[in-house]
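Let me begin by presenting the structure, written as structure tokens, before commenting on it.
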């Protein structure tokens, strides 16, 4: 396996939901890559489609929604072309996911230990016996030991006692650790984290993020972190992709995004945050509202709220411009720079520059 | 620890049974007329001398609460009074007919559960499919239909027109069933009497279906409703993200949680089973407790009616107790308070 | 603007307030009807119920024959669509030679009046007790709740049969038997809602402005609860009617002369083989009425209070 091949290559995927007689384009022509052991942050406000993006990666979009087009190449194989059983073998084992509200994500009817053990059993991590209960005692014992190990690793105190606890008996932080334990049980290569700390207290947030960082360093697990908190992403991630109205509007390394943001939306997001140590400028919110995902314009979706808007912004699809190696920006402001080759919408932009 | 909780609940039914006894006690006082007459029912004429003796015997000269005490004490001992109409103790009369009623009730319950569970689950999984629509329409019909009418229609169709199933009774005469437990199905198995087994089962079909149909309808609807909710929940998405196969997600992850509110409804439906029991037994000429009570009403055999109502109520309370325990078992949040 | 705008008489104020209220009610009603029309089934149910109601009220006008006296010579005439039937007796005649159509129409009177009365009284009693118990709590609440729990230990039909057995047949006895246990459900609903609403802020606000308890209960809380009660009542009415029919079937309802659907079905059992319509058609009448009520009730529930969904 060539270490230059990215772990995950997402190519122009579109996820849509029919709603009434309209189509909601939750994920609109999204592409990005992720290397092994990398941490990618996907930042955007609620409703911009970032959760749907994660669900699309695991093909968990429920009918009647679907991933309409594109490729999702995981270690070279296109997930969208796989059969259902192949996909199921991927889920939990190669790619795992943790969710936002741990209390509602854990099944209230089963013990914590049992839920972690289920992952092990599903993918035959510990043993291979397909014997039904109660003939699988040996394997269950082994699995239980492994579960206790994992529980300790994610920081659940006294795992032996906690194995038979139910989710509602845990605090929020411990519940989230349980979710992480479930995700890690089969040592996946990629961890998808959908706002894992949003429902938690700030102190617990820090603990969980540290835990995840540790996992990334110890196990080399790549992580895609979806969050609305740009600051969190800045602390934690290697690279950041900013999403707006279903599209990626800017992508780059953490430093590039935070120090030299190029998309007006990203700049707006950074301006929104009060900063310690700086003379407090007035916090400037971004005016306006996110357009409905069912009524997306073909041109720039941010145009109505942008302080730099020009006529050309409303006239056609905005391509992604490559401003520095690895730094992509979907905005005409940067049309000075090199464009990614697949667009042929030259004339209008040239006209713009001539003025 | 769980055992104590169960014990608590069992003990909790005792005050309820007390209350039931009190209410039933007062039932009989509703009837206008001379109490001795009432106790005797249509049992016969008596001389005035005997009247006084009987008054003593029925404790009618004592204050009300003493009478109540006698009543409860006797009931707790298993003595539910004496039927002057049928000239037998109430308890043995009820005991004779109880197996037939239980067989019917069990048959109906089995039928309704076997029908309602798959339908409820599948309708929820395949929401809005033709299967879903047909099932729910049928279920709607089921809750709107009077039971006695369904029974008559089924008799018309399956017995009279098609001759597939017998019209009345519990078993065809001539199969020579030797009774051991009073439960015909059980007895025929125990005595190896295949004719009797076949006959008793065939006789069970229509009454069980009639009695169980409205119950099945309700359970199917509630189950579907709960399943729809659980299937939308986050933990189901998590299960899928772990790689669990869809059918397993439905059965293990979703159903387990959907059963929690359903179980409570099942408990209430047992009440419908017990009530409808009387009607259905009448329709099908089933020789059980219900039919005996109906006849007792016309015979004005009040002690018998009283005893039977107590037994029905008692059974209902027990059934709800079982449901309660099951609920505690199914719902960890309640279990561990 | 008039010069003396701010010197309105109290009477004018009152009229103004009531006009506004009337307009709001009218708007709500129109929205309701519009919502209902989206549910065609519910609407159909409602219309069918109205048809039944009208038939019951105008029974004399729409029927020709005598529902109680029959002509033995024409007994067991089949309905019009069978051999030997005629339009004079469109649904056939029973074993006493009475026109079935007439009897069914008159039977509607019984079923509907029993249904409406029993549910109505149960609702009123339930609201009364529930409001008081929920609002004031204390001993009253414990006692009534205990009583309610106790009554719940009896299956509904068993209880009704028990009461009828001891009281004897008769219209009032029937209503009594049904309401005796019927109020419990409404009591619980109202009490539960009352407990929940009691702690809400608008109640605090009302109390702070000096409103008395009764006023608070009536004007503030009750309007919010009324909807759920109404929906539950509609849903329960079908069950009451079926129970009444079952009681009549067993001969426990009304004196045998009076045409009640249940007793008609029972009477027809003897002639089931020769005259299937005598039992079947009255039962069909019950079925359609209850279906119509349930359709309407469920539509109502979907519009007003989907929370009640999980109660079968």
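The values are calculated or read from the model by the stated rules, or taken from the named source; none is laboratory data. Quantities reported herein were computed from a predicted structural model and do not represent experimental measurements. Using ideal geometry, Cβ is built from the backbone for each residue, glycine included, and neighbour counts are taken over all protein chains shown.
Details
- Filtered residues of segment A:157-176 (kept if more than 11 Å from chain B (Cβ to nearest Cβ), in contact with a helix residue (DSSP H, G or I) (Cβ under 7 Å, 6 or more places away or on another chain) and not in a loop (DSSP other than H, G, I, E, B)): A:159, A:160, A:162, A:172, A:173, A:175, A:176
- Of the residues making up segment C:207-240, those that are surrounded by fewer than 17 Cβ atoms within 10 Å (Cβ to Cβ) and farther than 30 Å from residue B:214 by Cβ number 13.
- Contact map, segment B:128-145: first residue away from every other protein chain (no Cβ under 12 Å), second residue in a helix (DSSP H, G or I) and surrounded by 17 or more Cβ atoms within 10 Å (Cβ to Cβ), Cβ cut-off under 6 Å, separation 6 or more or different chains; pairs are B:132/B:123; B:135/B:119; B:135/B:123.
- Checking segment B:102-119 against the condition returns no match, with no residue being touching a residue at least 24 places away in the same chain (Cβ under 8 Å), in contact with a strand residue (DSSP E or B) (Cβ under 7 Å, 6 or more places away or on another chain) and buried (at least 21 other Cβ atoms within 10 Å of the Cβ).
- Taking segment A:18-37 as the range and being surrounded by fewer than 19 Cβ atoms within 10 Å (Cβ to Cβ) and within 16 Å of residue A:296 (Cβ to Cβ) as the test, the residues that pass are A:18, A:19, A:20, A:21, A:22, A:23, A:29.
- Residue check for residue B:225: surrounded by 22 or more Cβ atoms within 10 Å (Cβ to Cβ) and assigned to a helix (DSSP H, G or I): no
- Selection from segment A:246-266 of residues that are buried (at least 23 other Cβ atoms within 10 Å of the Cβ) and either assigned to a strand (DSSP E or B) or under 15 Å from the mean Cα position of the chain (by Cα) (or both): A:246, A:247, A:248, A:249, A:250, A:251, A:252
- The residues listed here are A:98, A:42; of these, the one that is touching a helix residue (DSSP H, G or I) at 6+ places or on another chain (Cβ under 6 Å), closer than 24 Å to residue A:124 by Cα and in contact (Cβ under 8 Å) with a residue 12 or more places away in the chain is A:98.
- Selection of segment C:57-73 for residues being within 20 Å of residue C:274 (Cα to Cα) and either at pLDDT 80 or above or surrounded by fewer than 16 Cβ atoms within 10 Å (Cβ to Cβ) (or both) yields C:71, C:72, C:73.
- Selection of segment A:188-216 for residues being surrounded by fewer than 23 Cβ atoms within 10 Å (Cβ to Cβ), outside any helix (DSSP H, G or I) and away from chain B (no Cβ under 14 Å) yields A:189, A:200, A:201.
- Residue in segment A:90-108 that is modelled with the lowest pLDDT, counting only those that are buried (at least 24 other Cβ atoms within 10 Å of the Cβ) and either more than 8 Å from chain B (Cβ to nearest Cβ) or under 23 Å from residue B:259 (Cβ atoms) (or both): A:102
- Scanning segment B:283-296 for residues that are within 9 Å of chain C (Cβ to nearest Cβ) and either surrounded by fewer than 23 Cβ atoms within 10 Å (Cβ to Cβ) or touching a residue at least 24 places away in the same chain (Cβ under 8 Å) (or both) gives B:283, B:294, B:296.
- Segment A:228-241: number of residues that are crowded, with 23+ Cβ neighbours inside 10 Å and at pLDDT below 90: 1
- Some residue of segment B:197-204 being closer than 22 Å to residue B:117 by Cα, within 14 Å of chain A (Cβ to nearest Cβ) and assigned to a helix (DSSP H, G or I): no
- Conditions (1) over 30 Å from residue B:125 (Cβ atoms); (2) more than 13 Å from chain C (Cβ to nearest Cβ); (3) touching a helix residue (DSSP H, G or I) at 6+ places or on another chain (Cβ under 9 Å): number failed by residue B:160: (2)
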